[in-house]
Each structure stands twice: as C-alpha cells, then as structure tokens.
Amino acid sequence: MMVGMELLDTLIIGGGQAGLATAHHLRRAGLTARILEADATPTGSWGRYYASLTLFSPTRYSSLPGKPFGGNPGRYPTRDEVIAYLAEYAAGLDVPIETNATAISVAATGDVFAVDLADGRRMSAASVVSATGGFGRPHLHALPGLDTFGGVVLHSADYRSPQQFAGRRVLVLGAGNSAVQIVVELADHAHVTLTSRTPVRFISQRPLGVDVHAWLHWSGVERLPLGERLAGRPVSVLDAGAYRAALAAARPGWRPMFHHLDAGEVVWADGTREPVDAVILATGYRPSVEHLTDLRGPDGRGPLDDAGRPLHRRGVSTTVPGLAYCGLEWQYGFASATLRGVGHDARRIATALRRHLTTRTVDRQTPART
C-alpha cells in the first residue's frame with residue numbers, strides 16, 4: 001500500500017495473538033484492515049519468554065478463532081509450539097501484515113486516524129485497534145535498595161534458562177504463575193528463594209481429574225464480563241501438585257517480603273541478612289500504549305488515565321471514538337489476555353467497530369438540516 005492512497009477501515013497496532021484474532025474477526029465483519037507489527041515476525045511477545053515456558057491450558061482450549069491448535073487436545077503446548085502456531089495462523093490470514101513496522105504515535109483529525117511509523121511513513125484509517133496486549137512493558141517495582149544493589153537485577157521477561165544462574169544465590173520476587181514456574185526450575189541449579197508480600201495461592205489444575213479449563217468452558221464462567229469487578233485482585237497459581245509439593249519441601253523455599261537490599265545482601269524483616277547474587281522480578285507487566293500518548297478525542301480528552309492505563313469499557317475507548325483495544329488483562333473477563341480468551345474479545349471489538357464505521361458513514365450521508 002502506498003501511503004496516503006488508501007483509507008483502511010482499521011489499522012491494528014500489534015501482530016501478536018490479540019492483533020491476529022482481531023484481524024480475523026474484522027475480515028469476517030467485512031472490514032478492511034492491516035496489521036503493524038514492530039518485531040520481525042507476527043508472534044507477539046512469545047519469542048521473548050523463557051525457553052521452558054509451558055501453557056497452563058491444554059491445546060483444546062488454547063486456539064485462536066478459525067484454527068485449532070492441533071495435536072493431542074489434552075497436552076500443554078510449549079513456548080516454541082505457540083510461536084509456530086501463531087506464525088501459521090498469521091500466514092493464513094486474509095489481512096496484510098507489515099513486520100518491523102513500529103507505530104510511534106497516533107493522531108485523529110475529524111473521523112480519520114493518522115498513524116506515524118518509526119521509519120517516517122504515515123498510514124490512515126477510519127479506526128484503530130491497539131493490540132499490543134498487556135505484556136509489552138515489564139513492570140519493575142521500586143524496591144528499597146534495588147537501585148544500589150550490586151548484583152544482577154532482571155525482570156522475568158529477560159529470564160531465559162536456569163543455566164545462566166547455575167550455582168548462584170538467587171531471589172525471585174512474585175507469587176504468580178511465572179514466578180513459581182521459574183523458581184521451581186531454578187531450584188535444581190541455584191540456591192534460590194521465592195519472596196512475596198502474600199503467600200502463594202494455588203488452584204488445582206485438574207479438579208476431579210478434569211482440567212480446570214474444561215470446567216470453566218462448560219460452565220461459561222470464562223465468558224462472563226468480570227473484568228471490571230475482579231481486575232487487580234491477587235492471582236493464583238494453577239498447579240497439578242508439583243509446584244505446591246516443591247514449595248512445601250522448601251525446594252525452593254519461600255519467605256515473606258524482605259525489608260530491603262543492601263549492596264550484595266538481602267535484609268529480611270526480622271533483620272537477618274543473606275548474600276544474594278541476583279534478583280529476578282516476576283512482577284507483571286503494563287500495557288505498551290506509548291503510541292497513544294498524544295492522541296485526543298473530539299472533546300480534548302486523551303485515551304489514557306494519569307497512570308498511562310487505557311480508558312475503556314470492554315475494549316472500546318470511552319474517550320476517543322473509533323479507538324479500541326484487544327489483549328488487555330481483564331479487558332472483559334479473566335481470560336482476556338490469554339491465547340484461549342482473546343478471540344472472544346476480538347469478536348466483540350470487531351462488532352463495535354463495524355457499528356461505529358456504519359454510523360460514521362450514515363452521518364456523512366445524511367444532509368444537514370437548515
């Protein structure tokens with residue numbers, strides 16, 4: 001597409017699972033779309049996750065719309081299998097995908113959006129979906145002493161394998177799935193301790209011998225609009241028993257949140273000190289929506305709150321008509337940011353944008369009264 005020659009219905013910023021699912025449903029709704037993906041491949045953040053990552057949902061419940069994951073429906077796919085699946089899904093979409101295309105800003109003039117890219121190009125569309133998801137920007141807590149800690153500090157997004165910490169003394173901060181998966185893996189290679197403000201909470205992976213996702217699917221709970229009600233609540237770790245047993249056996253050990261870091265040591269709440277070589281922060285992510293910072297709606301309001309979080313209702317912007325989101329945590333329900341749940345949200349977004357664009361066209365064609 002030559003810049004300026006075509007006004008698309010929708011530009012999708014982000015070519016991971018959220019962007020791909022959105023593109024699928026936009027095409028089914030009869031809209032023209034184009035995906036802008038900052039990386040070299042349309043597989044989202046998956047290529048940057050640690051090598052041993054395994055989905056907590058089986059393949060039967062881990063597919064994007066229109067394409068089953070394939071293989072044994074009861075197995076739990078690995079990171080590399082998800083990457084391969086997303087690449088195949090992207091190749092089968094009837095939507096152009098531009099890779100190495102980083103959107104740096106979005107502006108709106110009237111009912112047309114202009115998206116500026118890092119390479120100097122500008123693209124236009126009647127609507128925009130920010131599908132960078134909820135895992136684009138690792139969140140680093142401001143912990144006492146962290147800025148002067150003499151050892152290695154990294155977010156779980158930069159963790160790759162336990163071998164890089166072999167024989168070292170490691171502190172992992174967090175109480176979610178990633179924290180527990182990483183710390184249990186590290187226990188066979190390093191002297192590791194898990195720490196968090198509250199103890200780890202577990203949910204059985206297979207209650208009564210059936211995967212929990214089957215219960216959620218059969219009951220319809222995962223399709224309920226629970227996002228606004230449950231967002232921000234403590235997470236629980238899905239476990240078939242191995243993780244709970246490892247923590248119970250103190251391999252790894254768990255301790256309540258430390259008081260502060262001091263040079264190469266951790267100082268616990270009771271005043272005891274221990275040497276530590278590395279700190280891994282499994283402290284979650286924030287939406288990567290910097291490209292929307294300067295965007296304004298018709299009344300001058302921006303799309304983000306003071307903390308940089310999207311202002312939306314179930315994925316539809318509440319301040320900028322024609323702007324939507326897909327892949328945010330708790331966007332609609334608790335599965336919104338997952339491979340299994342993002343398709344449901346994408347369908348709702350496509351419906352909302354089709355309605356918006358239809359209304360826009362009607363308004364343009366209706367003669368003004370005199």
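The values are calculated or read from the model by the stated rules, or taken from the named source; none is laboratory data. What you see is a predicted model, and the numbers here were worked out from it, not measured in a lab. Methodologically, a virtual Cβ is constructed for each residue, glycine included, from the backbone with ideal geometry; neighbour enumeration extends over all protein chains shown. Quick note on the areas: whole protein, heavy atoms, side chains included, nothing else; ligands and nucleic acids left out. Shrake-Rupley method; radii C 1.70, N 1.55, O 1.52, S 1.80 Å.
Which of the residues that make up segment 85-102 are open to solvent by less than 50 Å² (accessible area, probe 1.4 Å) and either in a loop (DSSP other than H, G, I, E, B) or more than 20 Å from LEU117 (Cβ to Cβ) (or both)?
Across segment 85-102, the qualifying residues are TYR85, LEU86, ALA87, TYR89, LEU93, VAL95, ALA101.
Which members of segment 245-271 meet the condition of being over 14 Å from GLY145 (Cβ atoms) and open to solvent by 60 Å² or more (accessible area, probe 1.4 Å)?
Step one: of segment 245-271, the residues over 14 Å from GLY145 (Cβ atoms) are 245-256, 270-271.
Result: ALA248, ALA249, ALA250, ARG251, TRP254, ARG255, PRO256, ASP270.
Take LEU8 and tell me if it is modelled with pLDDT of 90 or more and touching a Phe, Trp or Tyr at 6+ places or on another chain (Cβ under 7 Å).
Criteria not met by LEU8.
This table checks each residue for (1) out of contact with any Phe, Trp or Tyr (no Cβ under 7 Å at 6 or more places or on another chain); (2) among the β-branched types (Val, Ile, Thr); (3) farther than 23 Å from ARG309 by Cα.
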{"position": "TYR85", "(1), (2), (3)": "no, no, yes"}
{"position": "ASP94", "(1), (2), (3)": "yes, no, yes"}
{"position": "ILE97", "(1), (2), (3)": "yes, yes, yes"}
{"position": "ASN100", "(1), (2), (3)": "yes, no, yes"}
{"position": "ASP119", "(1), (2), (3)": "yes, no, yes"}
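Quick one: which strands (runs of 3 or more DSSP E) lie wholly within segment 104-223 and hold at least 2 residues that are modelled with pLDDT of 90 or more and surrounded by 15 or more Cβ atoms within 10 Å (Cβ to Cβ)?
Strands (runs of 3 or more DSSP E) meeting the threshold: 112-117, 122-130, 152-155, 169-173, 191-196.
Identify the single condition in (1) over 15 Å from the mean Cα position of the chain (by Cα); (2) part of a helix (DSSP H, G or I); (3) farther than 15 Å from CYS326 by Cβ that HIS25 does not satisfy, given that it satisfies every other one.
(3)
Give just the number: which of (1) crowded, with 19+ Cβ neighbours inside 10 Å; (2) modelled with pLDDT under 90; (3) closer than 19 Å to LEU26 by Cα does GLY322 not satisfy?
Of (1) crowded, with 19+ Cβ neighbours inside 10 Å; (2) modelled with pLDDT under 90; (3) closer than 19 Å to LEU26 by Cα, only one is false for GLY322: (2).
Consider segment 14-43. How many of its residues are open to solvent by 20 Å² or more (accessible area, probe 1.4 Å) and small (Gly, Ala, Ser)?
So the answer is 4.
Between residues in segment 51-66 that are in contact (Cβ under 8 Å) with a residue 60 or more places away in the chain and over 24 Å from GLU185 (Cβ atoms) and residues that are open to solvent by 10 Å² or more (accessible area, probe 1.4 Å) and among the hydrophobic types (A, V, I, L, M, F, W, C), which pairs lie under 6 Å by C-beta distance while being six or more apart or on different chains?
Every condition considered, the pairs that remain are SER63/PHE69.
If I ask for residues that are out of contact with any Phe, Trp or Tyr (no Cβ under 9 Å at 6 or more places or on another chain) and closer than 15 Å to LEU292 by Cβ, which ones from segment 102-117 would you list?
Selection gives THR102, ALA103, ILE104, SER105, ALA108, PHE113, ALA114, VAL115, ASP116, LEU117.
Kindly provide the set of residues from segment 325-354 that are under 22 Å from GLY302 (Cβ atoms) and modelled with pLDDT of 95 or more, ordered by number. Let's see the steps before the verdict.
So the first thing to find is which residues in segment 325-354 are under 22 Å from GLY302 (Cβ atoms), and the list is 325-331, 349, 352-353.
Those that are under 22 Å from GLY302 (Cβ atoms) and modelled with pLDDT of 95 or more: TYR325, CYS326, ILE349, ALA352, LEU353.
Which residues, counting only those in segment 270-318, are touching a strand residue (DSSP E or B) at 6+ places or on another chain (Cβ under 6 Å), free of Cβ contacts under 8 Å to residues at least 60 places away in the same chain and more than 23 Å from THR351 (Cα to Cα)?
Within segment 270-318, just ARG273 meets the criteria.
Among the residues that make up segment 277-296, is at least one of them modelled with pLDDT of 95 or more, assigned to a loop (DSSP other than H, G, I, E, B), open to solvent by 10 Å² or more (accessible area, probe 1.4 Å) and within 30 Å of THR195 (Cβ to Cβ)?
Looking for residues that are modelled with pLDDT of 95 or more, assigned to a loop (DSSP other than H, G, I, E, B), open to solvent by 10 Å² or more (accessible area, probe 1.4 Å) and within 30 Å of THR195 (Cβ to Cβ), one finds at least one in segment 277-296, hence yes.
Only residues in segment 68-82 that are part of a loop (DSSP other than H, G, I, E, B) count as the first member; pair them with residues that are open to solvent by 60 Å² or more (accessible area, probe 1.4 Å), Cβ under 6 angstrom, at least 6 apart or cross-chain, and list the lot.
Within 6 Å, the pairs are PRO73/ARG60.
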